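Taking it in order: structure first as structure tokens, then the write-up.
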Amino acid sequence: MAMQRDSRQSANLLPAVFRDARILQGISQLIFVVVVVMVMNNLGFRINSALEATNQTPNFEFLQNRAGFDLADSGDYTSRDRYIDAFRVGFINTLRVVLLGLVATTVIGIMVGIFLLSRNFLLRTLSRSYVEVLRNTPVLLQIFAWFYIVIFALPPQQESIAFPQEGIRSLPLLQYAFSLLVIALIWQYSNSLRRPAWRTGVRQVGIAIVVLVNLLGVVLIGAGTPIEFLPGIYISIKGVAIFELIPSSLFGVWMVFVVIGIVVAILLWRYFGYITETTGQPIAKTRIALVALVGFILVGWLIMGMRPTPSIITVYDDENEEFVDLSYDDAFESGRLTIEQELEYTRQPIIFRPPTLDRRGRNVETGIEISPSYLAVFLGVVIYTSSFIAEVVRAGIQAVPKGQLEASRALGLSRGDMLRLVVLPQALRVIIPPLGNQFLNLSKNSSLAIAVAYTDIYQVTFTIINQSGQSVTGILMVLLAYLLISLCISLVMNLVNQRFQLVTR
Amino acid sequence: MQETSTQVMASDEPIITCREMNKWFGDFHVLRNISLEVMPQEVLVIIGPSGSGKSTLIRCINRLEEHQDGTIIVNGIELSHDVQNIAEIRRETGMVFQQFNLFPHLTVMDNITLAPMKVRHWARDRAEQRAMDLLERVEIPEQAFKYPGQLSGGQQQRVAIARALAMEPKIMLFDEPTSALDPEMIKEVLDVMKELARTGMTMLVVTHEMGFAREVADRVIFMDMGRIVEQGPPENFFSPDIVHHPRTQEFLDQIL
């Protein structure tokens, strides 16, 4: 008893204010902030004075100076542009890796993640090996590996691997699209037939007729003239060259059809959803909406194809070195149309333009060029990250308790409904936070581009710093750029995450 | 009183028939030569020590477990690998689990209406009407728009019963429905089950609640080591005058 009183008295030596937990916490936080500010201030002062001594005071004015260096993968940029332009090239190049990379890695990761749980032995083992090999080796090494595969394993540009090999002569593209639409309609119609025998009969006969028409090479009226596909993709030591799709003068009008198609599809989807809700009658609303959408797009294309082309068009004849007047189709066939003329007078809303090399066979003249450096970085970070995402997805699916599956089965839910309505919502809850981490990892790992000289923001800024000596400003700008990208990703992932939170007491 | 006691229920066909059913988990022989007939509207209580195969038996009836030998016929349909048969049987059998297994991401209402809308293709109005009726019946209509995580264990189990009943099943399977509950909550769940039995539902109940068995069961089955050791009406089963199989006697001595 006495001892207790003693201890109380000794504690009372401190005034009551300094025994209040809240005040104590406040004081300790204050001290911490003061210390941090002092240290930072001191460091900043020292750096500043050190740089002043060598006449390199950090500033942003230097960004307006001429850069004076060339960059690969830089579009219209030349060495005569300013530092800030070079910086912009780097930022865009980083975004090219990150944005496309996020999409690609998610798709691959989810696929492999599902394969990891497959009952098929081969699929399971292959995907397991994929994950184990890729996530257990450094990403830098993988980027180098991809780079050397491109450099050493691929042929020089003159002997590019072409795809399709020699090009393909084929019926009009539109005809294939129509054939698919007709098959979809036949399928939809056959579903409404009661007798199974009739159902399969209608399907088989219908599809057989469509296939036969195409095999015989019968060109339907309005589907256009048969076309020749030139190889659309070239792969060589210089990277990959891919065909371009260029919107023509008809593109805008065609887009009206596309937009109307989207609106109609959404309305149909909603309407049939409402019908299902109120009557209980099951309707394949997604399929109906898709057929409507594709239908609108194709009909739009068909109507565009009916535009009259000029009967006479002046083109330049290379061989005789003179201008000649031809009909549009003849000019097109002879390949003498300029791209501007083709875009102006074509019957197609979108023009397919295969990659071609210039006369010396060195540089890609038309088409989209993808450099080996970009490929290496892109493949490196995408494939590496996808192996982690695969594990995240697998773990998320397995985290759904077995009881949930049993309850769904006991209620008689179909496998698809069970996955869509019970497993997926609960798995996503577990998957999304670590998925966001992997997205951040990908965006930050893209800075390893410097290893294969891909001109991403880090590499470009490094060059800028070397040239201008503005290290503090440069580093700050890279930091801010990565921060911006990462915060955007975090923001989106947090918003998504909120949607999947469980309500508990 | 050992062996098969033929439950006399007029000329009615049995709604569940198991013949010479066997099941193994790996090398472990869980169910040995189970033969069983359940009549419509019968309430069957299955008791026995843990690991005796009682849960596995009722889980075989709606194909949550696959039997490897023998036949099971439910509601006139034989259980095989035919997925259509399995789906049909599952539509007609409701199941209540020890761990409730409510869907945590859906409200109580959505938990109950999900299967009727997706499997029976009911309109939402009808499914919701039915759900409210059932929630009244299990006495928690005010919880309809809460999430399972916001309910007590007893309330969750009552929602689980309502969810199974929403499909208007012919048979209800109960797999230790009160084993995960606090003592106070056991009563509220048992009351719901008693009421259900009075309405003439065919029920197979795996439980340790002997009071329930005595009061509600038409027939009690004692299982041990994967076998049906003994079965009979509860008044015989729990009567001290009856000479039991020694294994049954041992079990009853421990729990009564």
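The values are calculated or read from the model by the stated rules, or taken from the named source; none is laboratory data. Bear in mind that the values here come from a model prediction, so they are computed numbers and not experimental data. Glycine gets a Cβ as well: all are built from the backbone with ideal geometry, and neighbour counts include every protein chain shown. These area figures cover heavy atoms from the full protein model, side chains too; ligands, DNA and RNA do not enter into them. Shrake-Rupley method; radii C 1.70, N 1.55, O 1.52, S 1.80 Å.
Annotations for the structure displayed:
- If you go through the range A:313-331 and keep only what is under 19 Å from A:Thr346 (Cα atoms) and not β-branched (Val, Ile, Thr), you end up with A:Tyr316, A:Asp325, A:Leu326, A:Ser327, A:Tyr328, A:Asp329, A:Asp330, A:Ala331.
- Criterion (more than 14 Å from every other protein chain (Cβ to nearest Cβ), touching a Lys or Arg at 6+ places or on another chain (Cβ under 6 Å) and not in a helix (DSSP H, G or I)) met by exactly one of B:Val243, B:Val220, B:Val229, B:Val205: B:Val229
- Only one of the listed residues (B:Thr71, B:Thr56, B:Thr93) is facing another protein chain (nearest Cβ under 8 Å) and either in contact with a strand residue (DSSP E or B) (Cβ under 8 Å, 6 or more places away or on another chain) or open to solvent by 50 Å² or more (accessible area, probe 1.4 Å) (or both). That residue is B:Thr93.
- Close pairs from the range A:333-354: first closer than 20 Å to A:Ile242 by Cα, partner at pLDDT below 85 and outside any loop (DSSP other than H, G, I, E, B), Cβ under 6 Å, at least 6 apart: A:Arg353/A:Thr366
- For the range A:468-475, the criterion of a residue being of a type in the set (Val, Ile, Thr), open to solvent by 80 Å² or more (accessible area, probe 1.4 Å) and over 27 Å from the mean Cα position of the chain (by Cα) is satisfied by at least one position.
- Qualifying helices (runs of 4 or more DSSP H) (wholly inside the range A:62-161; at least 1 residues being closer than 27 Å to A:Gly474 by Cα and in contact (Cβ under 8 Å) with a residue 12 or more places away in the chain): A:83-116, A:139-153
- Exactly one residue out of A:Pro355, A:Pro372 is touching a helix residue (DSSP H, G or I) at 6+ places or on another chain (Cβ under 9 Å) and under 30 Å from A:Ser446 (Cβ atoms), and it is A:Pro372.
- Just one residue in the set A:Ser486, A:Ser443, A:Ser408, A:Ser490 is polar (S, T, N, Q), touching a Lys or Arg at 6+ places or on another chain (Cβ under 8 Å) and modelled with pLDDT of 90 or more; that residue is A:Ser486.
- The set of residues from the range A:27-53 being in contact (Cβ under 8 Å) with a residue 12 or more places away in the chain and either open to solvent by 80 Å² or more (accessible area, probe 1.4 Å) or within 30 Å of A:Val364 (Cβ to Cβ) (or both) comprises just one member, A:Ile47.
- Meets criteria (open to solvent by less than 40 Å² (accessible area, probe 1.4 Å) and not acidic (Asp, Glu)) for A:Gly416: no
- Scope the range A:476-502; condition surrounded by 15 or more Cβ atoms within 10 Å (Cβ to Cβ) and not in a helix (DSSP H, G or I); matching residues: A:Phe500
One line per residue, one yes/no per condition, for (1) within 11 Å of another protein chain (Cβ to nearest Cβ); (2) more than 18 Å from A:Leu411 (Cα to Cα); (3) within 22 Å of the chain's Cα centre (by Cα):
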{"site": "B:Asp110", "(1), (2), (3)": "yes, no, no"}
{"site": "B:Leu114", "(1), (2), (3)": "yes, no, yes"}
{"site": "B:Met132", "(1), (2), (3)": "no, yes, no"}
{"site": "B:Arg137", "(1), (2), (3)": "no, yes, yes"}
{"site": "B:Gln143", "(1), (2), (3)": "no, yes, no"}
{"site": "B:Tyr147", "(1), (2), (3)": "yes, yes, no"}
{"site": "B:Arg163", "(1), (2), (3)": "yes, no, yes"}
{"site": "B:Ala166", "(1), (2), (3)": "yes, no, yes"}
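- Pair list, Cβ under 9 Å, 6 or more apart: the range A:188-217 residue outside any helix (DSSP H, G or I), other residue open to solvent by 70 Å² or more (accessible area, probe 1.4 Å): A:Ser192/A:Arg199; A:Leu193/A:Arg199
- For A:Ala451: the one exception among (1) of a type in the set (A, V, I, L, M); (2) within 13 Å of another protein chain (Cβ to nearest Cβ); (3) surrounded by fewer than 21 Cβ atoms within 10 Å (Cβ to Cβ): (2)
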